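The values are calculated or read from the model by the stated rules, or taken from the named source; none is laboratory data. Computed from a prediction, not measured in an experiment: that's the story for all the values here. Cβ coordinates were reconstructed from backbone atoms using ideal geometry, including for glycine residues, and neighbour counts include every protein chain displayed.
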Amino acid sequence: MTERRASDVTSRWIGGLRPAELLEWPGGIVRLGVVLCVVVALAFGLVYFVRAVDRLGDDATRHSEANFDDREFGGGNSLVVDKRALYEARALIPEDETYRVIPGPGVEGATELTEPYIDQFARYFLMPRRPALDARWILCYGCDRAELGDGFQAVWDGGGGIVLGTLER
Amino acid sequence: MTVRALLGLAALNALLLGVGLAVLAALRGFASFRDALRLSGLAYVLGVALVGIALTLELVVGIPFSLAGVVLTCAALVAAGVILRNPLAGWRPQLQPERPGGLTLVGAAFGVLLVVYLEALFRAGRLAALSAWDAWAFWVPKAKAIYFFGGLDEQFFTELPNPTYPPLVPALEASAFHFMGSPDVVTLHVQFWFFACGFVAAVAGLLAPRVSALVLWPCVLLALVSPRVVGRSLDPQADFLLDYFFALAAVLTVLWLLERRPWQLVSASLLLGAALLTKREGLLFAACLVVAALVASRRDWRRTWPRIGVAALCAVALTVPWRLWFSSRDLAGELPEAGFLGLFDHLDRPWPAFRSVLGVVVDYDLWLVLPPLVALGVVLAFVAGARVLPTYGLVLYGLMILGFSWVLWSFVEIELPFVQDEGVNPVVRLTGSLAVLSAGLLPLLLDAAWHGRDGRWQEEAE
């Protein structure tokens with residue numbers, strides 16, 4: 001009776017196959033392969049589960065520690081030099097007005113991303129205000145102010161080459 | 001970043017679930033409450049797909065986009081599901097009441113792991129800043145444009161980068177803004193957490209009665225904890241949603257090849273249509289999927305090929321209005337610069353392109369050991385005597401790798417070998433589809449290998 005029970009247990013050892021049968025080609029070998037795949041997936045899954053939860057926890061801490069501005073600027077943190085300029089633009093330019101960002105090399109503390117991408121970031125940040133080439137509102141981001149002519153009146157000047165103003169025609 | 005925003009998102013996603021449940025009830029029906037609960041993940045993703053498709057079509061024809069419009073669209077889709085319930089009665093399978101049985105120990109253990117993982121993912125996304133370049137450069141600006149201007153604003157939708165990308169994701173994001181009460185780009189990450197939860201629930205619900213929990217859950221867990229999925233799945237852009245649509249379409253297609261339930265092919269077609277309207281890569285993914293389905297079902301081609309053809313045509317037909325919209329505005333960028341024949345002026349590129357793709361596919365730091373396990377799963381299933389599943393898997397994965405190589409070959413402005421940082425590397429994004437697909441296909445392959453034939457569950461699944 002005991003032997004039969006033991007045999008039953010053995011026969012159910014893995015998918016109804018006895019250990020010896022697991023080495024038979026092809027059924028046993030294939031099932032061994034499946035077991036191997038599952039064990040590998042499980043092992044890596046569990047190890048990386050712990051790492052994933054750790055990493056996500058660190059991310060959550062980092063995100064919650066960020067201040068409101070950093071969180072709102074997100075990717076813009078790598079290219080926006082003075083956040084006040086865009087906040088001022090958002091506060092001063094009416095939502096139904098247009099604006100134009102004129103980037104240039106004259107921004108103190110600019111990164112290599114500032115000049116090529118500041119207009120794209122401003123478009124994202126200042127929406128629903130529309131960018132337009134003939135806009136009255138100008139955000140000079142390191143541009144040459146002399147090129148704007150006498151009609152340009154600064155409304156806000158944050159220093160460092162960033163000026164928000166209007167262009168009177 | 002407020003409770004109101006979170007509650008708004010919860011309401012939107014409850015609506016999406018309601019739409020999916022109504023439509024799935026018409027297409028398939030539910031044997032019991034438990035059956036409906038099991039398939040609620042699939043219903044949710046179907047709801048996302050259907051609402052996304054409907055909103056895209058409304059935007060293209062110029063119907064003003066608003067909160068009321070989104071709610072009415074959902075209501076109309078629910079009504080369509082209810083109305084179609086009787087006419088589609090003949091299509092629906094005769095569902096047997098599910099055998100009684102509680103949660104297994106294995107299922108419960110993995111359920112706990114899943115809850116812990118998804119909770120951690122939620123906390124990480126809850127206050128995340130919008131950092132990904134694609135997200136702030138065009139995906140979210142397009143969503144903001146829809147939100148602020150109530151439609152496909154000509155200026156923004158022609159001037160923003162990648163103007164030919166379809167507006168399904170921006171439309172869903174704009175819906176989220178309306179439900180949150182403001183264009184809250186931080187809480188928007190939580191919407192993508194809902195998508196991730198829906199996908200996991202969909203895979204688990206679809207495969208639970210077909211594959212042993214011991215095989216299913218380790219594969220799903222491995223896909224979820226792969227570093228790229230952990231790091232990027234909540235970015236408010238189209239990549240992972242496209243992967244979810246595609247992976248579920250692929251799983252439903254192969255289930256249809258094995259079980260021939262009409263609802264599976266119809267659902268796959270809807271999801272494929274949504275994938276095509278999510279990102280231009282959807283077209284490449286869909287082409288690979290259709291060819292794989294045709295090859296895997298070649299022995300019964302008289303019955304299967306016409307149906308697969310009709311399903312594929314329906315999916316493509318859903319994209320025609322959007323294509324007409326951007327074509328009428330002379331927007332370019334849908335196809336590679338080299339064109340189709342221009343490829344052959346760059347015969348020095350295919351091999352480096354293939355090597356670059358292969359390097360990303362087997363990159364341990366991105367996908368862990370998923371790709372080798374899938375390859376092993378295909379081999380084991382073939383050796384064991386299964387044919388449909390491993391053929392489908394082999395052709396699908398093989399074509400997609402070749403397709404990604406074609407992308408690198410044909411976009412001649414990309415320097416080869418391609419070693420760009422994973423954050424901005426388009427091949428990494430493309431290969432994400434393979435990893436997400438593996439969450440559903442690997443368990444099926446291993447099950448086929450174990451039992452020595454395709455779909456041994458056919459008689460008992462439903």
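Just a yes or no: is a residue in region B:81-88 surrounded by 15 or more Cβ atoms within 10 Å (Cβ to Cβ), within 14 Å of another protein chain (Cβ to nearest Cβ) and either part of a loop (DSSP other than H, G, I, E, B) or touching a strand residue (DSSP E or B) at 6+ places or on another chain (Cβ under 7 Å) (or both)? The answer is no, given that none of the residues of region B:81-88 is surrounded by 15 or more Cβ atoms within 10 Å (Cβ to Cβ), within 14 Å of another protein chain (Cβ to nearest Cβ) and either part of a loop (DSSP other than H, G, I, E, B) or touching a strand residue (DSSP E or B) at 6+ places or on another chain (Cβ under 7 Å) (or both). Here residue B:146 meets the list (1) crowded, with 24+ Cβ neighbours inside 10 Å; (2) closer than 17 Å to residue B:241 by Cα almost entirely, failing just condition (2). Could you tell me whether residue B:183 is within 9 Å of another protein chain (Cβ to nearest Cβ), in a loop (DSSP other than H, G, I, E, B) and surrounded by fewer than 23 Cβ atoms within 10 Å (Cβ to Cβ)? Taking the combined requirement at face value, the residue satisfies it.
Restricting region A:94-112 to residues that are more than 28 Å from residue B:148 (Cα to Cα) and not small (Gly, Ala, Ser), the residue that is farthest from the other protein chains (Cβ to nearest Cβ) is A:108. For region B:37-59, a tally of residues being within 16 Å of residue B:246 (Cα to Cα) and β-branched (Val, Ile, Thr) returns 3. From the residues in region B:94-108 that are touching a residue at least 12 places away in the same chain (Cβ under 8 Å) and assigned to a helix (DSSP H, G or I), which one is farthest from the other protein chains (Cβ to nearest Cβ)? In this case the residue turns out to be B:107. Of all residues in region A:140-169, those that are in a strand (DSSP E or B) and not small (Gly, Ala, Ser) total 12. Residue count for region A:46-76 under the criterion of being of a type outside the set (Asp, Glu), more than 30 Å from residue B:368 (Cα to Cα) and more than 8 Å from every other protein chain (Cβ to nearest Cβ): the result is 2.
Residue by residue through region A:91-129, note down the ones that are in a helix (DSSP H, G or I) and among the aliphatic types (A, V, I, L, M). Passing the criteria: A:91, A:92, A:118, A:122, A:126.
Residues in region B:419-450 that are acidic (Asp, Glu) and at pLDDT 90 or above: how many?
Result for region B:419-450: 1.
Residue pairs whose Cβ atoms lie under 9 Å apart, sitting 6 or more positions apart in sequence or on different chains, and linking a residue in region B:201-217 that is more than 27 Å from residue B:13 (Cβ to Cβ) and away from chain A (no Cβ under 14 Å) to a partner that is surrounded by fewer than 24 Cβ atoms within 10 Å (Cβ to Cβ) and modelled with pLDDT of 90 or more, do not occur here. Restricting the first member to region A:138-161 and to residues that are in the same structural domain as residue A:126 (by TED's automatic domain parsing), and the second to residues that are crowded, with 17+ Cβ neighbours inside 10 Å and among the acidic types (Asp, Glu), the beta-carbon pairs closer than 6 Å and six or more apart or on different chains are A:156/A:88; A:158/A:82. The condition of being touching a Pro at 6+ places or on another chain (Cβ under 9 Å), in contact (Cβ under 8 Å) with a residue 40 or more places away in the chain and either aliphatic (A, V, I, L, M) or surrounded by fewer than 19 Cβ atoms within 10 Å (Cβ to Cβ) (or both) holds for only one of B:160, B:188, that being B:188.
For (1) more than 21 Å from residue B:130 (Cβ to Cβ); (2) touching a strand residue (DSSP E or B) at 6+ places or on another chain (Cβ under 8 Å), each residue gets a yes or a no:
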site: A:58; (1), (2): no, no
site: A:77; (1), (2): no, no
site: A:94; (1), (2): yes, no
site: A:107; (1), (2): yes, yes
site: A:133; (1), (2): yes, yes
site: A:136; (1), (2): yes, yes
site: A:146; (1), (2): yes, no
site: A:150; (1), (2): yes, no
site: A:164; (1), (2): yes, yes
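The set of residues from region B:379-390 being of a type outside the set (Phe, Trp, Tyr), surrounded by fewer than 24 Cβ atoms within 10 Å (Cβ to Cβ), part of a helix (DSSP H, G or I) and more than 9 Å from every other protein chain (Cβ to nearest Cβ) comprises just one member, B:388. Given the criteria at positive phi and touching a Phe, Trp or Tyr at 6+ places or on another chain (Cβ under 9 Å), does residue B:111 qualify? The answer is no for residue B:111.
Are any of the residues in region B:330-339 part of a helix (DSSP H, G or I) and crowded, with 16+ Cβ neighbours inside 10 Å? Checking region B:330-339: not a single residue is part of a helix (DSSP H, G or I) and crowded, with 16+ Cβ neighbours inside 10 Å. The set of residues from region B:272-287 being crowded, with 23+ Cβ neighbours inside 10 Å and touching a Gly at 6+ places or on another chain (Cβ under 6 Å) comprises B:274, B:275, B:276. If only residues of region B:110-156 that are touching a residue at least 40 places away in the same chain (Cβ under 8 Å) and over 30 Å from residue B:225 (Cα atoms) are counted, the one that is nearest to the other protein chains (Cβ to nearest Cβ) is B:147.
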